[in-house]
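Structure first, then comments.
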Amino acid sequence: METGKTSNRVVYAGIFTAIAASICCITPVLALMAGTSGIVSTFSWVEPYRPYLIGLTIVVLVFAWYQKLRPKTQEEIACACEDDAKPSFWQSKSFLFIITVFAGLMLAFPSYSHIFYFSSDSRNEILYTDQSNVKEIRVTIEGMTCEGCEAHIESEVSNLDGILHVKADYESANTIVKYDETKVNLEEIETAILSSGYKIIK
């Protein structure tokens with residue numbers, strides 16, 4: 001049936017917009033799993049359009065559910081009588097429900113993406129150093145769009161020896177790093193940040 005095909009197209013559009021809305025935060029996690037960082041900030045330009053993509057996803061899914069739940073017209077009932085074949089799973093409410101849940105998880109991805117990274121302070125808390133050797137810097141970073149981006153940078157920097165604490169904040173575009181200058185230097189810290197796929201603004 002043409003109605004079924006149209007419904008499926010609407011559902012697939014909902015998947016696409018949901019993924020597009022969070023692509024800037026999905027990319028760093030995919031880069032981590034793939035072991036490559038060059039593509040991390042590739043989709044950061046999408047972030048300003050995120051509210052519109054979220055709205056579009058909701059509209060598309062609401063329309064899809066409306067199409068699925070609305071009472072059938074006499075013409076549609078007549079067509080259904082002529083075609084006794086049972087609707088496929090891909091045109092069922094169950095499939096639409098799965099897609100709705102998936103879209104919801106994608107839209108919420110930025111709020112839980114940080115769980116894919118190790119805690120930056122879990123290793124650093126046991127380090128001890130002479131306070132006279134402790135330095136603190138604030139680095140302005142371009143390309144962070146969510147907590148996942150923060151966690152990615154924190155994870156990369158905290159892997160360096162001599163890092164006592166690192167805290168990234170995507171809202172202010174700043175990352176604060178406290179380190180032992182006898183074990184690590186500013187150049188190494190900046191290299192770690194750049195290797196995560198983001199840009200440093202000086």
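The values are calculated or read from the model by the stated rules, or taken from the named source; none is laboratory data. Everything numeric here is computed off the predicted structure, so don't read it as measured data. No Cβ is skipped: glycine too gets one built from the backbone with ideal geometry, and neighbour counts run over all protein chains shown. Keep in mind that these areas ignore ligands, DNA and RNA; they rest on the heavy atoms of the full protein, side chains included. Shrake-Rupley method; radii C 1.70, N 1.55, O 1.52, S 1.80 Å.
Of Gln131, Val177, Val166, which is farthest on the positive side of the dipole of the range 129-179, counting Cα position, with +1 on Lys and Arg Cβ, -1 on Asp and Glu Cβ, and the Cα centre as origin?
Highest projection toward the positive end goes to Gln131.
In whole Å, what are the Cα extents of the range 143-202 along the three principal axes, biggest one first?
That gives 32, 19, 16 Å along the principal axes, largest extent first.
If DNA, RNA and ligands are ignored and the probe is 1.4 Å, what is the ranking of Trp90, Trp45, Trp65 by accessible area, most exposed first?
I get Trp45, Trp90, Trp65, largest accessible area first.
As a test of reading the structure, rank Lys202, Lys167 by solvent-accessible area (1.4 Å probe, protein chains only), most first.
Ranked list, largest accessible area first: Lys202, Lys167.
Leaving ligands, DNA and RNA out of it, rank Ile115, Ile26 by accessible area with a 1.4 Å probe, largest first.
Ile115, Ile26
What list of ³J(HN,Hα) couplings, whole Hz, do you get for the range 175-184 from phi and the Karplus terms 6.51, -1.76, 1.60, once you set θ to phi - 60° and write x for glycine and proline?
Karplus values, whole Hz, x for Gly and Pro: 10, 9, 10, 10, 8, 8, 5, 7, 10, 8.
So, R0 is 22 Å and r is the distance between the beta-carbons of Leu194 and Val134; what FRET efficiency does that work out to, to 0.05?
0.40
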